[in-house]
Amino acid sequence: MRRGATISARKPPAIQAAHGHVARCRGLFIAGTDTGVGKTYVAAKIAAALVEAGWRVGVYKPAASGCRRAGKNLVSDDAVALWEAAGRPGKLSAVCPQRFSAPLAPHLAAKEERKEIDSARLRRGLHYWTKRSDVVVVEGAGGLMSPVGEEDYVADLARDFGFPLIVVAANRIGTINHTLQTLIAAQAFGTGLPVAGIVLNDVLPPGPGDPSVRFNRCELELRCVPPVLAQLGYLQPTFDRLIDWMHLAQPARTQVCTK
């Protein structure tokens, strides 16, 4: 798969209602090939790009673990980063309604606090953002098959929300296998999860430490059906090409929007 031309940032007229307002909220679901691949960093950059393009952006992380305590509250630094990138819309508490302190899968972290993950709330929390945003950037926890409840996986939320996936892959040794496995999981889950594309994230500083970083993008472009949309350099403020993220976004499932 060869690198495509730069995708320009423009407001697609197809989603405009009669009076210029967005007829139905769209969204993107940011999924990682693993933990520690930079999902939040990439999601925040996407949210910031959408804000810069003039859209009302909501951000949602259904659950987070490993949160820090600030007084009587638990704070998700991921949620704060997303909220700041989107221009501080709505309430910070609505970005990530279910927060836990233990650095475990959310349902296990909840058990450590003698609590339970609220499966309905994982889904219901999206409505806060769909009713006040043009587009919502949702960040999952871990990979697609990371559990977020006794019966729920991240992939279940992605399916129920109906947003296309942006797969974040870390540019390091092993990413070809991890990315292909993630794409296979997306295709095999239920009737299949739509994948808009892949973002390759440079998680290592430039240097000779990992020679695979020079070849990973080309290998992914050759082996993956969804396109490699862009690459984000190590600690760089912007992607290596301009992407129309709103054009890639799709409307939420009606039942999710109205619950």
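The values are calculated or read from the model by the stated rules, or taken from the named source; none is laboratory data. Every value quoted in this text rests on a predicted model; they were computed, and no experiment measured them. Every residue, glycine among them, receives a Cβ derived from its backbone with ideal geometry; neighbour counts consider all protein chains shown.
Only one of Leu229, Leu235, Leu242, Leu180 is on the phi > 0 side of the Ramachandran plot and within 19 Å of the chain's Cα centre (by Cα); which?
Numbers: Leu229 fails: on the phi > 0 side of the Ramachandran plot; Leu242 fails: on the phi > 0 side of the Ramachandran plot; Leu180 fails: on the phi > 0 side of the Ramachandran plot.
Of Leu229, Leu235, Leu242, Leu180, the one residue that is on the phi > 0 side of the Ramachandran plot and within 19 Å of the chain's Cα centre (by Cα) is Leu235.
Here is a check on your reading of the model: is Ala169 closer than 22 Å to Met145 by Cα, small (Gly, Ala, Ser) and part of a helix (DSSP H, G or I)?
Details: closer than 22 Å to Met145 by Cα: yes; small (Gly, Ala, Ser): yes; part of a helix (DSSP H, G or I): no.
So Ala169 fails the test.
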*All positions within the stretch 215-233 that are farther than 26 Å from Gly27 by Cα and either among the aliphatic types (A, V, I, L, M) or modelled with pLDDT under 95 (or both)*: Leu222
*asked:* Every residue in the stretch 28-86 that is under 13 Å from the mean Cα position of the chain (by Cα) and free of Cβ contacts under 8 Å to residues at least 24 places away in the same chain, please.
replied: Ala79
*Within the stretch 59-102, work out how many residues are small (Gly, Ala, Ser), closer than 19 Å to Ile243 by Cβ and in contact with a Leu (Cβ under 9 Å, 6 or more places away or on another chain).*
1
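With respect to Ala230, determine if the residue is out of contact with any Gly (no Cβ under 7 Å at 6 or more places or on another chain) and closer than 29 Å to Ala86 by Cα.
Details: out of contact with any Gly (no Cβ under 7 Å at 6 or more places or on another chain): yes; closer than 29 Å to Ala86 by Cα: yes.
Yes, satisfied.
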_I'd like to check which helices (runs of 4 or more DSSP H) are fully inside the stretch 87-166 and have at least 3 residues that are under 14 Å from the mean Cα position of the chain (by Cα) and touching a residue at least 24 places away in the same chain (Cβ under 8 Å)._
154-161
